[in-house]
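I have placed the structure first, in the form of structure tokens, so that the comments after it can refer back to it.
The numbers here are math on the coordinates, done by the rules we state, and not lab data. Remember, predicted model here, so these are calculated numbers, not experimental data. Please note: Cβ atoms are built from the backbone with ideal geometry, for glycine as well, and neighbour counts cover all protein chains shown.
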Amino acid sequence: MATFKAWVVEKGAGGQSLTFRDFDEADFMDGDVTVRVTHSGLNYKDGLALTGRSPVVRRWPMIPGIDFAGVVETSDDPAYRPGDTVVLTGWGVGETHLGAYAEKARVNGAWLVPLPAGLSAEQAMAIGTAGYTAMLSLMALEAHGLTPEHGPALVTGASGGVGSVAVALLARAGWHVIASTGRDAEADYLRGLGAAEIIDRAELSVPGKPLAKERWAAAVDAVGSTTLANVLASTRADGAVAACGLAQGMDLPTSVAPFILRGVALLGINSVTTPQPKRREAWARLAAELDLDKLAAMTTRVGLQDVDRLGEEILSGKVRGRTVVTIA
Ligand code: NDP
């Protein structure tokens with residue numbers, strides 16, 4: 001019997017439990033590629049899965065962890081051979097399909113991306129789902145026709161994972177970046193990533209007017225709820241907001257005013273099921289455009305044994321930037 005070590009979420013009469021235990025390979029779910037996982041990341045959704053705070057886990061037992069990098073052990077997919085280094089984000093891994101906080105994973109080859117040239121497996125997971133989502137957000141703003149010449153770009157939840165990478169990417173692309181954060185102490189950190197201005201998130205997190213002073217041409221919003229309503233209300237005419245997160249809440253208490261009176265566009269970002277061509281384009285751009293010194297500055301390393309305490313930490317907004325989980 002072949003087993004490997006994994007964090008496992010189980011559901012019992014007393015609610016959800018999380019244990020670190022041996023997992024039998026015979027209990028793997030269907031998939032045509034088996035990967036020795038070397039690194040994973042910590043994302044907001046991992047916090048929800050680890051704590052059971054929201055019902056992101058929809059199959060029990062579940063190995064949480066929504067993204068990984070690792071080395072192919074066996075493959076029935078002609079696109080991958082043993083020894084290839086691969087990256088996975090999304091596709092329900094860690095939610096409906098056994099996930100990343102484990103020494104091994106079996107997944108569909110169609111979900112994988114080869115490790116982009118120029119990145120190590122650790123750097124790929126320092127970027128992780130959050131950084132990849134930041135790139136999808138930048139791509140959506142660009143596809144809308146926006147450039148730094150149109151005006152500043154706002155990033156909300158700026159000290160978090162999506163936010164930190166978004167600040168670095170937008171600054172590198174020439175934008176005047178306004179970083180919104182609730183953490184005064186992270187002002188120097190955000191300036192180091194390229195933020196030109198810092199604003200207090202309290203300005204945006206309480207209900208405001210349907211239309212307010214025009215302040216930014218573009219925004220990457222990781223926060224949702226009242227914050228997103230205020231972000232829309234202060235977006236310049238014909239600007240756009242890439243909505244990717246819900247750290248404040250799932251609701252959106254807004255009006256049609258920014259859309260019909262200013263032509264503001266709300267661009268939805270879904271990183272989970274992005275088709276392969278766009279996925280690979282995003283990873284290639286991350287490898288080419290993300291300053292690796294800035295990536296290092298936003299990265300904290302932990303071991304697989306630390307995962308159980310990290311769920312609460314990320315949900316309470318205490319985690320800065322990105323956290324890489326080293327597995328092997
Ligand atoms: P993090 O926890 O790292 O970042 C979230 C940040 O939001 C925090 O660091 C904090 O930033 C801010 N924040 C937290 N709570 C609140 C609050 N109550 N009100 C206002 N701001 C708050 O998470 P991630 O970066 O991993 O993810 C960010 C969001 O993006 C999550 O909601 C996540 O689910 C979503 N997401 C969506 C994806 C998609 O496919 N659409 C993919 C990846 C993530 P600060 O302290 O600077 O204010």
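With only Cα atoms counted, the chain has Rg and Dmax values of 19.6, 65 Å. Taking 0.36 nm per residue of separation and subtracting the Cα-Cα distance, full extension of the segment from K213 to K11 would add 67.8 nm. Residues T38, T227, T273, ranked from the fewest to the most other C-beta atoms within 10 Å, line up as T273, T38, T227. Label point of D291 set 7 angstrom out along Cα-Cβ; within the stretch 198-238, amide nitrogens under 18 Å from it belong to 198. Which of rounded, prolate or oblate describes the stretch 112-154 when judged by the alpha-carbon gyration tensor and an a/c cut-off of 1.5? Cα axes put the stretch 112-154 in the prolate bin. Estimated at 0.36 nm per residue, the fully extended path between K318 and T273 surpasses their Cα-Cα distance by 13.4 nm. The length gained by stretching the chain between D76 and D27 to full extension, at 0.36 nm per residue less their Cα-Cα distance, is 15.8 nm. Report summary: the helix-based calculation at 222 nm, which adds -39500 (n - 2.57) for every DSSP H run with n ≥ 4 and divides by the residues of the chain, gives -8500 deg cm²/dmol.
Coupling constants for the stretch 70-83 follow from the phi torsions by the Karplus curve (6.51 cos²θ - 1.76 cosθ + 1.60, θ = phi - 60°), and in residue order they are x, 10, 5, 9, 9, 8, 9, 9, x, 6, 10, 10, x, x Hz; glycine and proline get x. Along the stretch 301-308 the Karplus relation, 6.51 cos²θ - 1.76 cosθ + 1.60 evaluated at θ = phi - 60°, assigns HN-Hα couplings of 9, 9, x, 4, 5, 8, 4, 5 Hz to successive residues, with x for each Gly and Pro.
Computed 3J(HN,Hα) for the stretch 152-166, one whole-Hz value per residue from the Karplus formula 6.51 cos²θ - 1.76 cosθ + 1.60 where θ = phi - 60°, is x, 10, 9, 10, 9, x, 5, 7, x, x, 4, x, 4, 5, 4, glycine and proline marked x. Each part gets one Cα centre, and for the stretch 229-252 versus the stretch 127-145 those centres are 15 Å apart. Residues K45, K294, K318, arranged from fewest to most other Cβ atoms within 10 angstrom of their Cβ, appear as K318, K294, K45.
For T299, the residues whose modelled amide H falls within less than 5 Å of its own, excluding neighbours fewer than 5 places apart on the same chain, are R322.
Within 10 Å of each residue's Cβ, count the other Cβ atoms and sort R58, R183 from fewest upward.
Values: R58 11, R183 17.
The fewest-first ordering by Cβ neighbours comes to R58, R183.
Apply the Kirkwood formula to the stretch 130-268: the hydrodynamic radius equals the inverse of the mean of 1/r over all pairs of different alpha-carbon atoms; give it in Å with one decimal. Its Kirkwood hydrodynamic radius stands at 14.2 Å.
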